[in-house]
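A quick write-up on the structure given underneath.
The values are calculated or read from the model by the stated rules, or taken from the named source; none is laboratory data. Because the structure is predicted, anything quoted here is derived from the model rather than measured. Reconstructed Cβ throughout: ideal geometry from the backbone, glycine too, with neighbour counts over all protein chains shown.
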Amino acid sequence: MEVDKILDILEKTYPDAKCELNYKTPFELLVATILSAQCTDVRVNKVTEKLFAKFNKPEDFADLKEEKLGEMIKSCGLYRSKSEKIINSSKIILNKYSGQVPDTLEELVSLPGVGRKTANVILSNAFNVPAMAVDTHVFRVSNRIGIVNGKDPKDTEFKLMNKIPKQRWSKAHHLFIFHGRRVCKARNPQCSICPINSYCNYYKKYGEEN
């Protein structure tokens, strides 16, 4: 499969592809990414606009009660779990990392609420480290097209890293997300208007029906 050609087409189609979470610091991105679990970026941005105006540093959150934070992030869903993870991560960042978000995958995934996807999002966007973050969109689009055949997000991450040049990992992540949200949707993918349908395994099998 011509992976570079597919990425070239997607780059022309989505020249503004980037992280759609609003943040100013690595810590704000950490909080926003934890909040984004099973929640849209649009909703998270509405919540963090008010939240970060009052609280935007680890020490701010470390001193918060879970109930108070939970009320402020309630509309993001799973707010009890998310408030607990954000507060506990803030305490660890303060006590173990001198208030600075760590910049390695191993250290990031040791924080509550931070899995490989979240860690890779932070590495890529906050620290400019080449990384392949695999969320539901990246998993669906890359496997549906046939770039990889991954059994789960972690397997897909490693296979994409083998298929895609390292310097394109971070951009590819955003391109797959943009394409997944706008065209290659989970239900009723819009294959007829897809700019890469001629390269897509799904289109070759089902495309004329969409």
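Taking the listed residues C191, C200, the one that is in the same structural domain as G146 (by TED's automatic domain parsing) and within 18 Å of E2 (Cα to Cα) is C200, with no other qualifying. In the range 29-72, which residues are hydrophobic (A, V, I, L, M, F, W, C), assigned to a helix (DSSP H, G or I) and under 17 Å from I122 (Cβ atoms)? Residues satisfying the conditions are L29, L30, V31, A32, I34, L35, V44, F52, F61. Selection of the range 112-136 for residues being buried (at least 19 other Cβ atoms within 10 Å of the Cβ) and part of a helix (DSSP H, G or I) yields K117, T118, A119, N120, V121, I122, L123, S124, N125, A126. Scanning the range 95-104 turns up no residue that is closer than 20 Å to L7 by Cβ, within 19 Å of the chain's Cα centre (by Cα) and in contact (Cβ under 8 Å) with a residue 24 or more places away in the chain. When I87 is tested against (1) more than 22 Å from W169 (Cβ to Cβ); (2) without any contact (Cβ under 8 Å) to a residue 12 or more places away in the chain; (3) buried (at least 16 other Cβ atoms within 10 Å of the Cβ), just one condition goes unmet, and that condition is (2). Restricting the first residue to the range 180-204 and requiring it to be under 13 Å from G146 (Cα atoms), which pairs with a second residue that is of a type in the set (F, W, Y) meet a Cβ separation below 7 Å and a spacing of at least six or different chains? Here the result reads N197/Y203, each pair linking the range 180-204 to a residue that is of a type in the set (F, W, Y). Evaluated against (1) farther than 19 Å from I34 by Cβ; (2) in contact with a His (Cβ under 7 Å, 6 or more places away or on another chain), A133 falls short on exactly one condition, (1). Within the range 72-117, being over 27 Å from I177 (Cα atoms) and out of contact with any helix residue (DSSP H, G or I) (no Cβ under 8 Å at 6 or more places or on another chain) holds for N88, I92, N95, K96, S98.
Restrict the check to the range 11-18 and report whether at least one residue is assigned by TED's automatic domain parsing to the domain that holds N201, on the phi < 0 side of the Ramachandran plot, outside any loop (DSSP other than H, G, I, E, B) and not hydroxyl-bearing (S, T, Y). Checked the range 11-18: at least one residue is assigned by TED's automatic domain parsing to the domain that holds N201, on the phi < 0 side of the Ramachandran plot, outside any loop (DSSP other than H, G, I, E, B) and not hydroxyl-bearing (S, T, Y). Kindly indicate whether any position in the range 137-149 is without any contact (Cβ under 8 Å) to a residue 12 or more places away in the chain and either buried (at least 19 other Cβ atoms within 10 Å of the Cβ) or not in a helix (DSSP H, G or I) (or both). So far as the range 137-149 goes, yes, one or more of its residues are without any contact (Cβ under 8 Å) to a residue 12 or more places away in the chain and either buried (at least 19 other Cβ atoms within 10 Å of the Cβ) or not in a helix (DSSP H, G or I) (or both). Condition test on P153, is it over 28 Å from Y203 (Cβ atoms) and in contact with a Lys or Arg (Cβ under 9 Å, 6 or more places away or on another chain)? No, not satisfied. In the range 150-173, what residues are among the hydrophobic types (A, V, I, L, M, F, W, C), assigned to a helix (DSSP H, G or I) and within 21 Å of C19 (Cβ to Cβ)? Once the filter is applied, which keeps residues that are among the hydrophobic types (A, V, I, L, M, F, W, C), assigned to a helix (DSSP H, G or I) and within 21 Å of C19 (Cβ to Cβ), the range 150-173 yields L160, M161, W169, A172.
Residues of the range 174-203 that are assigned to a helix (DSSP H, G or I) and closer than 18 Å to T136 by Cβ: H174, L175, F176, I177, F178, H179, G180, R181, R182, Y202.
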